[in-house]
Amino acid sequence: MNKIISLLIALLLVAPLLLTAQKKDSVRPIPQPIHKNIIKWNPTPMMLWSNKNLTLSYERILNKKQSIALTIGYLEFPSLTKDTIAKVFTITSREKRGINLALEYRFYLMKRNLRPIPDGLYLAPYLSFYGYKFKNDMDLAGSLDSAFTVKANFYVFNGGLELGYQFVFWKRLTLDLVLVGPSVSYYGGGLDFSGNIDFEKLKEINQDLYDKIKAKYPMIDEYVINKSFKQNGKLDLFSLGFRYLMQIGFHF
């Protein structure tokens with residue numbers, strides 16, 4: 001955690017120096033961008049969590065040094081549970097879905113980049129959002145008299161600064177890498193139980209769900225869960241986050 005804080009502070013201190021250096025670069029003319037648009041596919045969520053994930057982004061070049069990028073995607077994590085919770089309740093049906101969004105404003109560091117943007121090193125303040133929810137219907141040993149539903153939702157808002165590098169091959173193919181992306185993050189969400197449930201079992205179920213969430217959900221680290229979820233069944237906390245990704249695109 002201390003390393004992330006130090007990295008964020010260092011990046012915030014270095015950013016103004018790098019951007020100021022661009023204004024002093026009056027010797028070499030800045031090359032004109034060849035094309036204005038890039039459509040990208042981000043395979044990172046697919047590789048990390050599920051092949052059902054699909055994340056796309058669009059980057060629009062504004063001038064010789066700056067661009068803006070918007071990302072939107074469908075998000076799905078592996079199932080939190082398989083057949084049972086607390087080794088007692090059987091899952092009879094399940095629903096799950098999520099979304100991820102991001103907005104970046106990129107400053108390409110033309111003093112260090114020899115080719116026109118979007119090729120080269122960049123700094124970008126960014127905002128991102130991850131939201132996810134699931135619903136499981138359950139019963140006790142197949143008994144409808146003990147049927148109940150568990151609903152959960154989790155979300156994260158991030159605001160930070162990223163350092164990345166984008167390659168352009170053959171004037172059309174792009175490879176975009178976010179190398180460093182610390183952020184300040186707000187985590188929220190919670191669990192809701194409803195239906196014919198023996199509330200004497202609720203603590204046991206809640207603990208089993210807590211253990212599974214802690215083990216499987218990559219967006220909710222141990223610090224967040226230990227500090228908030230275990231206490232009251234809800235997430236409501238500011239913490240530190242980190243962004244990294246790889247995108248493949250078409251420049252036109």
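Only the coordinates and a few stated rules stand behind these numbers; no lab work does. Nothing here was measured: the structure is a model prediction, and the numbers come from that model. In this analysis, Cβ positions are derived from the backbone assuming ideal geometry, glycine residues included, and neighbour counts consider all displayed protein chains.
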Please give, to one decimal in nm, the separation of the simple spin-label points placed at residue 184 and residue 63, each 7 Å out from Cα toward the Cβ.
2.8 nm
Take residue 52 and residue 99, extend 7 Å from each Cα along the Cα→Cβ direction, and tell me the distance between the two endpoints in nm.
1.7 nm
Links exceeding 24 Å between C-alpha atoms in this model, out of 40/111; 52/135; 40/135, come to 40/111; 40/135
Pairwise label distance in nanometres, residue 115 with residue 70, each label 7 Å out on the Cα-Cβ vector
2.7 nm
FRET efficiency, 1/(1 + (r/R0)^6) with R0 25 Å, evaluated for residue 236 and residue 41 via beta carbons
0.15
